[in-house]
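What follows is a single structure, written as structure tokens, with notes after it.
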Amino acid sequence: MRLEVLRRNRGFGRLIAGQIPSDAADWLAYVAMTTLLAFEWQAPTVAFAWFAVALGAPYLTVGLVAGALVDRLPLKAVLVGSNLARALVFAAMTLAQDWVTLLVLLAVGQSVDSFFSPAKQAALQGLVRREDRMGANGISYAINQTSKIAAPAAGGALLAVLEPGAVFWVTAAVSLLAVPPLLALPGLERKAPKGDATLGIARDVAEGLRIVGRSVPLRLALGLTAAGFFSIFLYDTLIAPLLRDIGFDEVVMGWTMAAVGGGGVLGALLMTRLTAQPFRLIAFGAIGSGLLLMAPALAELTGRGIDLAVLLGVFVLAGITSSAMLVPPRVVIQNETDESAIARVSSVMEAANMLALLTAPFVGAWLAGAISSGAAFVAGAALKLVLGVVALRAAMRLGGGQTAEG
């Protein structure tokens, strides 16, 4: 299935060839920045709070405007230009002498990325046949998950021989590697949004929100994705405390993170071979992941512990099932959105996801402090089970890929 998707859809391989260095640059920069903050500058705790804000806030502010602009701009120019601009930002990070300057540059880089993300979704919609979009999105997600494993490992190796600041030069060079394949993309002509662009971007942003509000599949896809991210990040930052409370050490923590990442890659590759109705896949992923995560949660809450092999197996399978939650909604959005509005709708999704990412860890931390780390896992698992039921009802209501308006 994977090779067929690449063969049948002219230009998709070039888009993926551009995504690989773009995603890798993100994670290389992440490693270099966190190393500088924690070890070189010994930044105060508040710096890490602002680090999270700099990572997420641009998608909630600039991102919605970026989506409206991307719907009116040439896609190839946005894809190429955003990678060139990010390379400049990474190079500028070599000049940062304090954590405030670094985080300002990070916010600028994330603002640029808020253009690249919806442009990539619009390009994928334009380059890939409807029947191949599950496979194409699975490939794209697999690359993203692989980058989360491989790029930090490469960053760690680079930090063994280079100063953190020098790693930013490498990151800038990697980001530039995305430019040639993106320049080679075929034409991506699209219908322009209705109305005069001079009447205001705010109107385009509002229209994007109305498009989501008018479509049942879009509302469900965006809502399930954002709630899915919220359920994951209720416990994701608490994996280390949970393992500690069960009785495992930092070595097992490394194995567990590898298990989650590897499961995410396997799940994404599995998505490339499936053609089931998207909401059925979401239901399977949410219910499966929810049931699996109850095991380590109950092990901590009851004090009975859990076998290491079972623990790692649970997290591999949790990674696989989480992919089933997160890949199909993108297919729904691409299938249900007109090409003249895909960037705006994608930006709404990114903003909703980022809001979940910025709030869920605080709720999870409160639960862990008030009860225990296992309680946050139970809450995340329970929310996933609820989402699974909602997705299953949506699959029954919408049928085999049919849409509903209302």
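The values are calculated or read from the model by the stated rules, or taken from the named source; none is laboratory data. Bear in mind the structure is a predicted one, so any value in this text is a computation, not a measurement. Please note: Cβ atoms are built from the backbone with ideal geometry, for glycine as well, and neighbour counts cover all protein chains shown. Heavy atoms of the whole protein, side chains included, go into the accessibility calculation; ligands, DNA and RNA do not. Shrake-Rupley method; radii C 1.70, N 1.55, O 1.52, S 1.80 Å.
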**Asked** Which helices (runs of 4 or more DSSP H) does segment 1-95 wholly contain that include 2 or more residues that are in contact with a Gly (Cβ under 8 Å, 6 or more places away or on another chain)?
**Response** 2-8, 12-35, 62-70, 75-93
**Complete:** Going through segment 256-278 in order, the residues found to be within 19 Å of the chain's Cα centre (by Cα), open to solvent by less than 20 Å² (accessible area, probe 1.4 Å) and either modelled with pLDDT of 90 or more or not aliphatic (A, V, I, L, M) (or both) are 259, 261, 263, 264, 267, 268, 272
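Condition check ((1) of a type in the set (A, V, I, L, M, F, W, C); (2) surrounded by fewer than 14 Cβ atoms within 10 Å (Cβ to Cβ); (3) touching a helix residue (DSSP H, G or I) at 6+ places or on another chain (Cβ under 7 Å)) across all residues:
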{"position": "168", "(1), (2), (3)": "yes, no, yes"}
{"position": "178", "(1), (2), (3)": "yes, no, yes"}
{"position": "182", "(1), (2), (3)": "yes, no, yes"}
{"position": "189", "(1), (2), (3)": "no, yes, no"}
{"position": "215", "(1), (2), (3)": "no, no, yes"}
{"position": "229", "(1), (2), (3)": "yes, no, yes"}
{"position": "254", "(1), (2), (3)": "no, yes, no"}
**Asked** Of the conditions (1) under 19 Å from residue 20 (Cβ atoms); (2) β-branched (Val, Ile, Thr); (3) open to solvent by 20 Å² or more (accessible area, probe 1.4 Å), residue 128 fails just one. Which one is it?
**Response** (3)
**Request:** Just need a number here: residues in segment 230-282 that are of a type outside the set (D, E, K, R) and under 19 Å from residue 133 (Cβ atoms).
**Result:** 14
**Message:** Against the definition (modelled with pLDDT of 95 or more, part of a helix (DSSP H, G or I) and open to solvent by 30 Å² or more (accessible area, probe 1.4 Å)), how does residue 108 come out, yes or no?
**Reply:** yes
**Of residues in segment 1-26 being buried (at least 21 other Cβ atoms within 10 Å of the Cβ) and of a type in the set (A, V, I, L, M, F, W, C), the one farthest from residue 177 (Cα to Cα)** = 5
**Fill in**
Over segment 197-237, the set of residues farther than 17 Å from residue 355 by Cβ and among the polar types (S, T, N, Q) is 198, 215
**Complete:** When segment 71-94 is checked residue by residue, the ones that are open to solvent by less than 50 Å² (accessible area, probe 1.4 Å), modelled with pLDDT of 95 or more and closer than 20 Å to residue 122 by Cα are 78, 79, 80, 81, 82, 83, 85, 86
**segment 35-56 residues that are open to solvent by less than 30 Å² (accessible area, probe 1.4 Å), paired with ones that are among the charged types (D, E, K, R) (beta carbon under 9 Å, 6 or more apart)** = 43/98
**Message:** Can you confirm whether residue 304 is of a type in the set (Lys, Arg), open to solvent by 10 Å² or more (accessible area, probe 1.4 Å) and farther than 25 Å from residue 391 by Cβ?
**Reply:** yes
**Residue check for residue 237: surrounded by fewer than 17 Cβ atoms within 10 Å (Cβ to Cβ), touching a helix residue (DSSP H, G or I) at 6+ places or on another chain (Cβ under 6 Å) and within 28 Å of residue 291 (Cβ to Cβ)** = yes
**Item:** Search result, residues across segment 240-252 that are open to solvent by less than 50 Å² (accessible area, probe 1.4 Å) and of a type in the set (Val, Ile, Thr)
**Value:** 246, 252
**Complete:** Taking first residues from segment 273-292 that are under 19 Å from residue 223 (Cα atoms) and part of a helix (DSSP H, G or I) and second residues anywhere that are polar (S, T, N, Q) and open to solvent by 20 Å² or more (accessible area, probe 1.4 Å), the pairs with Cβ under 9 Å that are 6 or more apart or on different chains are 278/335
**Message:** Can you go through 375, 360 and tell me which one is out of contact with any Pro (no Cβ under 9 Å at 6 or more places or on another chain), outside any loop (DSSP other than H, G, I, E, B) and either open to solvent by less than 10 Å² (accessible area, probe 1.4 Å) or among the acidic types (Asp, Glu) (or both)?
**Reply:** 360
**Message:** Test of understanding: among 144, 137, which residue is of a type outside the set (Val, Ile, Thr), open to solvent by 30 Å² or more (accessible area, probe 1.4 Å) and in contact with a helix residue (DSSP H, G or I) (Cβ under 6 Å, 6 or more places away or on another chain)?
**Reply:** 144
**Fill in**
Log entry, pairs with first residue in segment 150-165 being at negative phi, second being open to solvent by 40 Å² or more (accessible area, probe 1.4 Å) and assigned to a helix (DSSP H, G or I), beta carbons closer than 6 Å, six or more apart or on different chains, reads 151/27; 152/27; 164/40
